[in-house]
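Where a number appears in this text, it was derived from the coordinates with a stated rule and is not lab data. Fair warning: this is a prediction, and the values are worked out from it, not measured in the lab. Because the Cβ atoms are built from the backbone with ideal geometry, glycine has one as well, and the counts that use them run over all protein chains shown.
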Amino acid sequence: MKVILRKDVAALGDAGEVVAVKNGYANNYLIPQGMAIRATEGTLKALETERKQQAKKVELQRKTARDLAAKIEQMSLKVFAKAGESGKLFGTVTSGDIADALKAQGIEIDRRKITLEAPVKALGKYEADAKVFMDVAVKISFEVEAEGSDA
């Protein structure tokens, strides 16, 4: 029997795939558990329509992510931190600090998607990488300044 998987099933495949399984496995386990539906002509057409809609949705999200990445590249971001007179920071600037600075500019990026090459422990200019969407990444240029400085 051919079925369309509605959820990822470890031994069979991912959601949306059409797979052939034994009748008993489909009728007694996959279909009652909501993991699959029978692959009839109507359900296959519905699956194809759903895939097209999903592809359009992903493409729209990708375009939005590219626009956001272009906006971030044009931005001059400043991160403020407590520092001593020699320019050494009390602590480090983390991806969370960068995410907060971006949020203050009106851009929301999860801190876990921002990566720093090395810990930032001094004042100056740095870069970080951010993954905005599946295949859209951007370099974030930022400058670390001392809190309370007149810049």
In the range 1-104, trypsin sites (Lys or Arg not before Pro) in a DSSP loop with at most 11 other beta-carbon atoms within 10 Å: Lys22, Lys82
Long-range amide H partners of Val120 with built H, under 5 Å: Val93
Principal axes of the range 14-135: Cα extent on each, largest first, Å: 75, 29, 20
At 0.692 mPa s and 37 °C, Stokes diffusion of the range 2-61 via Kirkwood alpha-carbon radius, µm² per second: 272 µm²/s
Cα-derived Rg to Rh of the range 66-146, Kirkwood definition: 0.97
Nearest-ten-degree value, helix 41-74 long axis tilted from longest Cα axis of the chain: 10 degrees
Computed [θ] at 222 nm, deg cm²/dmol, the chain (DSSP H ≥ 4; -39,500 (n - 2.57); rounded to nearest 500): -10000 deg cm²/dmol
Long pairs among Lys57/Lys78; Lys82/Lys131; Lys52/Lys103; Lys103/Lys131, criterion Cα-Cα beyond 26 Å: Lys57/Lys78; Lys82/Lys131; Lys52/Lys103
The range 1-70 and the range 102-127: distance between their alpha carbon centers, rounded to Å: 37 Å
Calculated from backbone phi, Karplus (6.51, -1.76, 1.60) coupling profile of the range 27-33 in Hz, x at Gly/Pro: 6, 9, 10, 4, 5, x, 7
